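Visitor: Questions regarding the structure given below will be posed in turn.
Nothing in this text is a laboratory measurement; each read-out follows from the coordinates by a stated rule. As the structure is a computational prediction, the values presented were derived from the model and not from experiment. As a convention, Cβ positions derive from the backbone with ideal geometry for all residues, glycine included, and neighbour counts pool all protein chains shown.
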Amino acid sequence: MPTMVSKEEALARIVAEGGRPECLMCAILDAKVGDLHVIAEEDGLVLMLPRYVRCWGHAVVVPRAHVTTYGACGEVLWAKIQAMAFRAATMIEALRAPKRVYITSTGSNTRELVQTSRHIHVHVIPVDTEEDRPADVFTWANGVWVAERDEWTALADEYRAYWSR
Ligand SMILES: [Zn+2]
């Protein structure tokens, strides 16, 4: 079963896995920050499982290209990201039957932080309780779920099988 660790423990694990890379997302995509669980890679986009989550089943869409502003991303790439996020949301609805699914780019064009990256990415997050609110889902203050490698692999396999139907 996935287990909850504190924000401090999660941040320490990320640093232990990958140090403090220039771009966290590029480093994750290059599998330089621990295991990388890719669900799909299509047309310059990667759909993957982040390994520190507030909601089990969370997926994220990341372009391979290192783009850090919406202007640099451009409409065409943004539309592709949104299309993949939409498809991921329908997958999550079908497989996990959450109460709702958040699709969000929280955006961080400030300095690179351990748990956030300027590199544009879109979260697709299943929310399982009616009481959950973005203020709780988008903070690590109350802890973060982590799991063993085989648990991540099983989730990625489940998503991959659905994606490639
Ligand atoms: Zn990057």
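Visitor: Among 89, 83, which is the only one that is part of a helix (DSSP H, G or I), surrounded by 18 or more Cβ atoms within 10 Å (Cβ to Cβ) and more than 16 Å from the ligand (Cβ to nearest atom)?
Guide: Checking each option against the conditions leaves just 89.
Visitor: Separate question: Which members of region 1-37 meet the condition of being within 21 Å of residue 106 (Cα to Cα), away from the ligand (no atom under 13 Å from the Cβ) and β-branched (Val, Ile, Thr)?
Guide: 14
Visitor: Let me ask something else. Go through region 29-79 and give me each residue that's hydroxyl-bearing (Ser, Thr, Tyr) and in contact with a helix residue (DSSP H, G or I) (Cβ under 9 Å, 6 or more places away or on another chain).
Guide: Within region 29-79, 52, 70 meet the criteria.
Visitor: Here's another thing I want to ask about it. Search region 40-61 for residues being among the aliphatic types (A, V, I, L, M) and under 11 Å from the mean Cα position of the chain (by Cα), and hand back the single one that is farthest from the ligand (Cβ to nearest atom).
Guide: It comes out as 53.
Visitor: Select from region 116-163 the residues that are free of Cβ contacts under 8 Å to residues at least 60 places away in the same chain and part of a helix (DSSP H, G or I) and write down the one among them that is nearest to the ligand (Cβ to nearest atom).
Guide: Going through the qualifying residues, I end up with 134.
Visitor: Which one of these does residue 73 not meet: (1) assigned to a helix (DSSP H, G or I); (2) more than 13 Å from the ligand (Cβ to nearest atom); (3) more than 16 Å from the chain's Cα centre (by Cα)?
Guide: Result: residue 73 fails condition (2) only.
Visitor: Out of everything in region 1-59 that is charged (D, E, K, R) and part of a loop (DSSP other than H, G, I, E, B), what residue ends up being nearest to residue 99 (Cα to Cα)?
Guide: 54
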